[in-house]
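Okay, structure first, notes after.
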Amino acid sequence: MTTSTLSAQTIGKELLDRYETVIGLEVHCQLLTESKLFAADVNRFGTEPNTNVSPLTLALPGTLPKLNKKALEYAVRMGLACGSTISRHTIFDRKNYFYPDLPKGYQISQDKAPICVGGGIAVATKGNEGTSTERLIRFHHIHLEEDAGKSVHDGSDTETLLDYNRAGTPLIEMVSEPDLRSAEETGTYVTEIRRLVRYLDICDGNMEEGSLRCDVNVSVRPVGTLAYGTKVEVKNMNSIRNIMRAVEYEWRRQVALLENGGTITQETRMFDAETGQTYGMRVKETMNDYRYFPDPDLCPVVLSDAWLDEIKSRMPALPHELREKFTTSYGIPAYDAVVLTETKEVAIYFEEVCAHTQHYKSASNWLMGTIKSYLNETGHDIGTLPVTPPVLAQLIELVEDGTLSISTATQKAFPALLAEPGRSPRELAEANNWLQNRNTSELETLVEEVLSAMPDKVAAFQKGKKGLMGLFVGEVMKKSGGTADPQLVNQLLQKKL
Amino acid sequence: MKIDHDTLHKLAHLARLDVKPGEEEALLASLDNVLTWMEQLNELDTEGVEPLTHVTGEVNNWREDAAENRLSRHEALANAPSQDGTYLKVPKVIE
């Protein structure tokens with residue numbers, strides 16, 4: 001035993017592995033409604049300060065809130081997608097506290113009867129030896145609430161500036177159970193939530209702009225024990241990577257603290273992306289006493305069967321449903337299905353291609369290969385790809401029926417179609433003389449020429465050096481100026497040899 | 001239930017009220033009165049009765065999602081004690 005003090009930086013893996021991290025998340029998503037949760041002001045990021053405001057947002061006397069039905073629908077959509085129980089009778093509560101970004105002195109939120117209860121998100125966790133298991137990270141509930149305004153602290157030394165454009169914009173908050181066990185799992189969980197809200201069209205998931213925000217509760221406990229340790233809340237992470245870094249750092253910090261004989265203080269800490277560390281806030285935290293009570297200005301909401309059915313009928317296909325469909329109906333590998341459903345836009349594009357050709361695996365290869373590289377290189381997204389799904393399907397058909405070689409299709413035809421999106425792949429291929437030579441007699445002549453030019457190689461092949469086949473094919477291809485159909489050449493060579 | 005001085009000051013702080021020493025006794029008596037009156041409710045048997053949160057019986061007073069800004073920034077800032085034409089200003093809230 002050494003007496004030197006451990007720190008988050010110096011603590012070794014052996015000690016860390018004696019502890020398990022227990023993580024719970026509060027994820028806030030800004031809903032993509034036109035107007036605010038209880039007022040008609042425009043709900044939009046990045047507009048001039050204090051232009052999207054109203055007497056209600058500013059908490060002027062004599063105003064009354066009125067619920068945005070769309071925001072309620074979006075919250076229900078998320079609940080349905082996550083297998084939550086939708087509350088048929090829900091109310092809004094006031095959460096009372098004073099802060100300049102909250103003009104009313106209370107936030108309208110949900111305490112006793114949140115809109116969705118339970119449910120969760122399946123998260124794939126990598127096990128030992130590359131295995132992967134799916135675990136359900138349970139939701140405690142999902143509730144609706146209004147966002148606060150934005151404080152600008154760095155404009156002056158003595159004053160804080162306030163912009164109320166964001167005040168009153170609709171949020172859903174997903175509160176998880178403490179089911180997550182590692183930084184990696186936490187990253188996967190937030191990625192899944194972001195994917196889901198984008199599929200559902202209820203939030204743009206932009207963490208930089210703060211439309212998806214996350215508070216992380218982290219505690220540690222010795223492996224094998226059940227009692228939770230004291231938890232610390234960490235805020236101020238604006239990317240999934242930073243969320244993972246914050247969890248990792250807290251794990252190290254808390255274990256080092258405990259191993260040094262210290263105790264964990266229940267507190268809120270801020271993550272600093274520059275240093276990768278968390279630090280306690282100097283603001284003295286008084287015990288929060290929010291004195292929740294039902295908001296008398298807002299009457300209860302009762303969801304009818306008819307309206308719920310209507311929402312259900314408008315639900316888009318979810319990532320896991322599409323993965324299932326792609327593997328069973330289109331017969332593509334599970335790996336492909338995961339990649340193709342990473343974003344809704346790619347999944348939709350793939351489906352459209354599959355409506356025009358039955359070579360599903362080829363379509364998948366195009367999307368995961370050539371098209372993905374093109375999008376990565378150019379920074380474009382698939383929604384604006386000049387090559388439309390029907391055109392790509394035609395190109396795939398040309399390759400599949402042997403008219404075009406795959407290399408000509410990816411290296412010549414695809415760039416040409418990007419440049420001239422109006423043309424048909426067949427017309428382009430004919431005009432450029434890209435069609436594969438499948439003329440057997442012409443190719444047979446080439447095969448004979450090649451084989452007679454290297455009798456020693458032919459002899460070696462016939463003695464068993466089967467690897468020479470590639471050389472022969474290559475030579476014939478060269479002689480044909482790259483136009484020969486390699487498969488046909490292969491067949492002809494086999495026959496001759 | 002008796003309200004003590006600590007509770008009184010905690011409540012005052014939560015409401016950001018400045019209670020002067022001379023006002024304490026009158027406020028304590030007043031709050032006690034309210035609580036004693038409310039405590040009569042405890043005599044009733046409310047077993048199996050759902051909590052009542054709203055009394056009018058009205059439900060689903062919602063609106064469609066239509067946006068409209070009706071207040072100019074100039075008007076919005078007009079009554080603020082301190083503002084710079086773009087932002088409202090308050091004394092610095094963090095270090």
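Cys residues of chain A that find no other Cys beta carbon under 4.7 Å: A:C82, A:C116, A:C214, A:C299, A:C354. Cross-link pairs exceeding 29 Å between alpha carbons, from the set A:K126/A:K412; A:K412/A:K479; B:K10/B:K92: A:K126/A:K412.
Peptide packing: for B:75-82, A:25-32, B:50-57, A:354-361, the average count of neighbouring Cβ atoms within 10 Å per residue gives the ranking A:25-32, A:354-361, B:75-82, B:50-57, highest mean first. Couplings for region A:340-349, taken from phi via the Karplus curve 6.51 cos²θ - 1.76 cosθ + 1.60 with θ = phi - 60°, read 5, 9, 4, 10, 4, 5, 5, 4, 5, 4 Hz in order; Gly and Pro are left as x. The relative contact order of chain A comes to 14 percent, based on Cα pairs under 8 Å that sit 6 or more residues apart.
Across region A:60-69, computed HN-Hα scalar couplings (Karplus, 6.51 cos²θ - 1.76 cosθ + 1.60, θ = phi - 60°) run 6, x, x, 9, 10, x, 9, 5, 7, 5 Hz from first to last residue, x flagging Gly and Pro. Approximating the spin labels as points 7 Å out from Cα along Cα→Cβ, the A:D305-to-B:Q40 distance works out to 4.4 nm. Rounded to the nearest 10 square angstrom, A:D154 shows an accessible area of 140 square angstrom against a 1.4 Å probe. The aspartates and glutamates whose alpha-carbon is closer than 13 Å to the alpha-carbon of B:K2, local same-chain residues fewer than 8 away aside, are B:E25, B:D32, B:E39.
Classify chain A from the C-alpha gyration tensor, please: rounded if a/c falls under 1.5, else prolate or oblate depending on whether a/b exceeds b/c. Since a/c reaches 1.5 and a/b is larger than b/c, the shape of chain A is classed as prolate.
In this rough spin-label picture, where each label sits 7 Å from Cα along the Cβ direction, the A:A459-A:N490 distance is 2.9 nm. Along its first, second and third principal axes, ordered by size, region A:317-431 spans 43, 31, 20 Å in Cα coordinates.
Would you mind checking the pairs A:K361/A:K466; A:K235/A:K344; A:K69/A:K344; A:K457/A:K496; A:K36/A:K66 and listing those with alpha carbons more than 19 angstrom apart?
From the list (A:K361/A:K466; A:K235/A:K344; A:K69/A:K344; A:K457/A:K496; A:K36/A:K66), the Cα-Cα distance tops 19 Å for A:K361/A:K466; A:K235/A:K344; A:K69/A:K344.
Amide hydrogen proximity for A:D295: with H placed 1.01 Å from N in the peptide plane, the residues at 5 or more positions away or on another chain lying under 5 Å are A:F92, A:D93, A:R94. Its Cα gyration tensor gives region A:440-496 an equivalent ellipsoid; the semi-axes, largest first and in whole Å, are 18, 11, 10. Here region B:9-95 exposes an accessible surface that is 55 percent carbon and sulfur, computed with a 1.4 Å probe and the other protein chains kept in place.
Neighbouring Cβ atoms from other chains, within 10 Å of the Cβ of residues in A:293-303, number 4 on average. A cut-off of 5 Å between modelled amide H atoms, ignoring neighbours fewer than 5 places along the same chain, links A:Q436 with A:L404, A:S405. Model label points for A:L15 and A:D272, set 7 angstrom from Cα along the Cα-to-Cβ axis, are 2.2 nm apart. Taking amide H as placed 1.01 Å from N in the peptide plane, the amide H of A:V42 sits under 5 Å from that of B:E68, B:N69, each at least 5 places away or on another chain. Excluding same-chain neighbours fewer than eight residues apart, the lysines reachable from B:K89 by a Cα-Cα span under 22 Å are A:K104, A:K150. Sorted largest first by accessible area at a 1.4 angstrom probe radius, with every protein chain in place, the residues A:M315, A:M78 fall in the order A:M315, A:M78.
Our summary gives region A:1-136 a relative contact order of 15 percent, counting only alpha carbon pairs under 8 angstrom and 6 or more residues apart. Could you work out what % of the accessible surface of region A:36-164 is carbon and sulfur, using a 1.4 angstrom probe and leaving DNA, RNA and ligands out of the count? The nonpolar share, carbon plus sulfur, comes to 52 percent. Between B and A, buried accessible area from a 1.4 angstrom probe totals roughly 3900 Å², ignoring ligands, DNA and RNA. Using θ = phi - 60° in the Karplus curve 6.51 cos²θ - 1.76 cosθ + 1.60, the 3J(HN,Hα) couplings for region A:29-45 round to 10, 7, 7, 7, 8, 6, 10, 6, 5, 10, 9, 7, 3, 5, 9, 8, 7 Hz; x is entered for Gly and Pro.
Projection of the Cα convex hull of region A:327-375, averaged over all directions and equal to a quarter of that hull's surface, yields 3.1 nm².
Take every pair of alpha-carbon atoms less than 8 Å apart whose residues are at least six positions apart; their mean separation over the length of region A:317-431 yields a relative contact order of 21 percent.
The values are calculated or read from the model by the stated rules, or taken from the named source; none is laboratory data. Owing to the predicted nature of the structure, the values given are computational and were not obtained by experimental measurement. Cβ sites come from the backbone with ideal geometry, for glycine too, and all protein chains shown count toward neighbours. Protein only, heavy atoms only, side chains kept; ligands, DNA and RNA dropped before computing areas. Shrake-Rupley method; radii C 1.70, N 1.55, O 1.52, S 1.80 Å.
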